[in-house]
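Read the structure below first, then the notes.
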Amino acid sequence: MSRFIVLSGPSCIGKSPLTRAIKKLYPALWQGVEQPVLYNCRDPRPGETDGVTYHFRSREFLEGLRGRPGMIVMDVRRDIQALDMADLLAIFERGHNAFFEGNPYVADALLKSPELRGVELVTVFMAPLSAEELAFLRDNAPASVKELVADVMRRKLLRRTQRQKGVLSQEDLEDIEARAGAAYLELGYASDYQYVLPNHDGEDSENWDAFYYPLGDARKCVLDFVAILEGRTPQFAEQWETTNP
């Protein structure tokens, strides 16, 4: 039976470097795994390739996909993303496993799709804080947990974008604020996932690739994701029972 592996979480949480680490360090686990290419209206980031990372198209083009049979079109923070379900189903028809790495909004729509009935699901969510940390902050911090989560992600997003672009434009700052502001609400999806990986090493962290092997929380995420893909019990992963701990 084919598997649908879903890796999701807030923007800049570390989904992409985790995926790259698995492909590099555990290539055997990636044999027979295909990733459908989504559409996105934003501009490519450094290192991204049209048709590989996303199909980069105009906002007007993606607006025109709304309502078309088989198309999932979602408003994602300040962008629009879309997926042709035929591309995903074709992977299963070839007898391969499918992998989705992306935001919780598109992931939620995919996981609710009736076309995935009979497909084994493996769902993993990456969170910037553990459930225990969130509970502690809720009871002890002077600011709201929503504001604290936004601040955690804002710092990660700023460091990532500065590394990519150097000088940031007003549009860059507005995009960062939209992504950071959405992070707490996006944690509300975590309880729908089989595993939650607490991770302080976002995409801004050098712990992913400055050394031979990831270190810190990046290393824990790699080890846990490998265990999950191999059908073993992960060591550090959590299971969240509440919407927003």
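Assorted remarks:
- Stretch in the chain that is longest and holds no chymotrypsin sites (Phe, Trp or Tyr not before Pro) that DSSP places in a loop and that have at most 14 other beta carbons within 10 Å: 1-210
- Each listed q (0.10, 0.16, 0.18 Å⁻¹) maps to a log10 I(q)/I(0) for region 3-229 from the Debye sum over equal C-alpha point scatterers, namely -0.46, -1.25, -1.57.
- Sites listed here are GluC sites (Glu not before Pro) in region 205-245 whose DSSP assignment is loop and whose Cβ has at most 15 other Cβ atoms within 10 Å: GLU206, GLU230, GLU241.
- Taking the DSSP bridge list for region 3-229 and keeping only pairs wholly inside it, about 30 percent are antiparallel.
- According to the Cα-based calculation, Rg over Rh for region 7-101 is 0.97, with Rh computed by the Kirkwood formula.
- Calculated SAXS-style log₁₀ I(q)/I(0) at q = 0.16, 0.24, 0.26, 0.31 Å⁻¹ - region 15-65, Debye, Cα scatterers: -0.59, -0.95, -1.02, -1.18
- Neighbour cut-off at most 15 other Cβ (10 Å), DSSP loop, trypsin sites (Lys or Arg not before Pro), region 1-76: ARG66
- Ordering ALA109, VAL149, VAL73 by Cα displacement along the dipole of region 62-196 toward the positive end leaves VAL149 in first place; charges were set at the Cβ atoms of Lys, Arg (+1) and Asp, Glu (-1).
- Note on LYS24: lysines with a C-alpha under 21 Å away, same-chain residues under 8 apart excluded, are LYS15, LYS220.
- Dmax and Rg, reported as Rg then Dmax, of region 113-195 (C-alpha, Å): 16.1, 48
- Ranked by how many other beta carbons lie within 10 Å on average, peptides 81-89, 172-180 from highest: 81-89, 172-180
- Theoretical ellipticity at 222 nm over the chain - DSSP helices of four or more residues, -39500 (n - 2.57) apiece, nearest 500: -12000 deg cm²/dmol
- Working note: Debye formula, equal point scatterers on the alpha-carbon atoms of region 102-245, no solvent; log10 I(q)/I(0) at q = 0.13, 0.17 Å⁻¹ is -0.67, -1.10.
Computed from the coordinates by the stated procedures, all read-outs in this text should not be read as laboratory data. Since this is a predicted model, take the numbers as computed values, not measurements. Backbone-built Cβ (ideal geometry, glycine too); neighbour counts: all protein chains shown.
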